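Some notes on the structure that comes next.
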Amino acid sequence: SSCAGGGAVPAVCSPGTAAKPAQGQCTVCGVGTYQPDSGAVGCLECAPGTLCPKGSSTELPASCPAGFYIGNASTTLKSLDDCVGCAPGSFCAGGAAQPTACAPGSIAPSGNMS
């Protein structure tokens, strides 16, 4: 919080935001960052394999819908738009699972293909 003087009680920034003393206000944590605590002066970088939308107060496990997978599990997802469609000949269960090759003689429902 900023104490530049005056009679107003300083505001404490809430989780998902951080104080910017030079601006005298709280700012929302950007995509790929989070802040779990109140009164923080900065946002923390999200770990690889997590998802942190704008204003996050926690790291979320990266999870893609069925038919998609996390293209690079060592990166932080910016949004579910970063999920990659499953290639023909493979099956993607969703979540954090990587593609699995279809067994010879099997087919995948068209709902799981892009």
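The values are calculated or read from the model by the stated rules, or taken from the named source; none is laboratory data. What you see is a predicted model; the values in this text were computed from it and never measured. For neighbour counting, all protein chains shown are included, and Cβ atoms are generated from backbone atoms with ideal geometry for every residue, glycine included. When the accessible area is computed, the model is the full protein with side chains, heavy atoms only, and any ligands, DNA or RNA have been set aside. Shrake-Rupley method; radii C 1.70, N 1.55, O 1.52, S 1.80 Å.
Average accessible surface for region 56-102: 52 Å² per residue, computed with a 1.4 Å probe over protein heavy atoms with every protein chain in place. Sequentially through region 28-41, phi angles give Karplus couplings (6.51, -1.76, 1.60; θ = phi - 60°) of 6, 4, x, 4, x, 9, 8, 8, x, 9, 7, x, 7, 9 Hz, Gly and Pro residues having no value and appearing as x. Taking a point 7 Å out from the Cα of Ser63 in the direction of its Cβ, the residues of region 74-107 whose backbone N falls within less than 12 Å of it are 94-97. A cut-off of 5 Å between modelled amide H atoms, ignoring neighbours fewer than 5 places along the same chain, links Gly94 with Gly67, Phe68.
Stretching the chain fully between Val41 and Gln98 yields a gain of 16.8 nm (0.36 nm per residue, less the alpha carbon separation). Taking Cβ atoms as reference points and 14 Å as the exclusive limit, the residues near Pro48 contribute a net charge of -2, counting Lys and Arg as +1 and Asp and Glu as -1.
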